[in-house]
Amino acid sequence: MISKRINLCSGPRNISTALMYSFAQREDTKVFDEPFYAFYLDKTGKEHPGREEVLKAQNHDPQKVLEELLSEAADKPVLFIKNMAHHMSLLDKNLLAGFAHIFLIRDPKEMLTSFIKTIPNPTLRDTAYKEQYEIFSYVKGELGPEPVVIDARELLLNPEPVLSEACKRVGIVFDPAMLSWGKGPIPEDGVWAKYWYDSVHQSTGFDPYKPKNEEVPDHLKGLLEECCFYYEKMFEYAIKAI
């Protein structure tokens, strides 16, 4: 019987898949990979790699998706859902109730210099910082308890204390098994894993933090400022590495 539901809300080009792998190592936890992806693609018409595969693989009705997740995870005490902020921004907010929420954020400069290698001219919506902050504000103001914020850099600097504190805040006991995993995919990977998860499939744990020295192009400096505005508001609440 599920006693704890955890929702991870992340933006693109972050370590959300690694964090999902981390939680998947727990014996008491069932993880799900972006279950509202098909809903998002259907709703927006976005062209993503493997779009048709995703649309065929998942239910497009968010309420039915949630019912399916709760049914599939019924034999585990902890349910962990990896979600993307832009997917969640289209959901009925009632679906957020009953969850402990973790927001995974990343320094916009580091995110953008990675993101533009795939999308050269991203918009604010593409980055999902605004959507993530809006969801964070709703959860903080309307649902309670206070959402948990994990910053990618802080987590990579010292994974154990950051994960331990995150677990404490969502009401579960930290498991050291969360610090490592075997190479390769896991059964819970979405059908899109072959397009996006190569690096995490080569990993066996959280890679040490390495600062990026790349600069954001001048034409995106305005976007960087916008992203930083929302990022800094959430970073105030982030668990800091010890």
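The values are calculated or read from the model by the stated rules, or taken from the named source; none is laboratory data. Everything quoted here is computed from the prediction, not taken from an experiment. A quick note on method: Cβ atoms are made from the backbone with ideal geometry, for glycine too, and the neighbour counts reach across all protein chains shown. Heavy atoms of the whole protein, side chains included, go into the accessibility calculation; ligands, DNA and RNA do not. Shrake-Rupley method; radii C 1.70, N 1.55, O 1.52, S 1.80 Å.
Each residue of region 40-171 gets 135 Å³ once the volume of the Cα convex hull is shared out per residue.
With a 1.4 Å probe and every protein chain kept in, tell me what percent of the accessible surface of region 36-103 is carbon plus sulfur. All intermediate terms of the calculation are to be shown ahead of the outcome.
Working: 1410 of 3040 Å².
Ligands and nucleic acids excluded, carbon and sulfur reach 46 percent.
Averaged per residue, what accessible area in Å² does region 103-242 show with a 1.4 Å probe, protein chains only?
Numbers: 7320 Å² over 140 residues.
Result: 52 Å² per residue.
Taking all protein chains as they are arranged and a probe of 1.4 Å, the heavy atoms of R5 leave approximately 80 Å² accessible to solvent. A simple packing score, the average count of other Cβ atoms within 10 Å per residue, orders the peptides 168-174, 228-234, 18-24 as 18-24, 228-234, 168-174, with the highest score first.
Placing one equal scatterer on every Cα of region 3-111 and applying the Debye formula, the log10 ratio I(q)/I(0) at q = 0.16, 0.21 Å⁻¹ is -0.74, -1.25. In this structure, the residue pairs whose Cα-Cα separation is over 26 Å, taken from K140/K212; K4/K240; K82/K240; K4/K117; K130/K221; K117/K194, are K140/K212; K4/K117. How would region 130-242 be classified by its alpha-carbon gyration tensor: rounded, prolate or oblate, with rounded meaning a/c under 1.5 and the a/b versus b/c comparison settling the rest? It comes out oblate by the Cα gyration axes. Between the alpha-carbon centres of region 98-157 and region 214-242 there is a gap of 10 Å. Phi angles of region 171-186 translate, via the Karplus equation with coefficients 6.51, -1.76, 1.60 and θ = phi - 60°, into HN-Hα couplings of x, 10, 8, 4, 10, x, 4, 5, 8, 8, 7, x, 4, x, x, 10 Hz per residue; Gly and Pro are given as x. Helical content alone sets the calculated 222 nm signal of the chain at -11000 deg cm²/dmol, taking -39,500 (n - 2.57) per DSSP H segment of four or more residues and averaging over every residue.
First compute the accessible area of region 110-242 with a 1.4 Å probe, then give the percent of it belonging to carbon and sulfur atoms. Mind dumping the intermediate values first?
Details: 3690 of 7140 Å².
The nonpolar share, carbon plus sulfur, comes to 52 percent.
Convex hull volume per residue, computed on the Cα atoms of the chain, equals 120 Å³.
Scanning the chain for long hydrophobic helices, with DSSP H runs required to stretch 18 angstrom or more by C-alpha along their axis and to average at least 0.5 on the Kyte-Doolittle scale, returns nothing.
Computed over protein heavy atoms with a 1.4 Å probe, the accessible surface of region 32-78 works out to 51 Å² per residue. Taking θ as phi - 60° and the Karplus parameters 6.51, -1.76 and 1.60, the scalar couplings of region 149-155 work out to 10, 10, 9, 4, 4, 4, 5 Hz in sequence order, x denoting glycine and proline.
Structural descriptor for the chain: relative contact order 29 percent, calculated from alpha carbon pairs under 8 angstrom and at least 6 residues apart.
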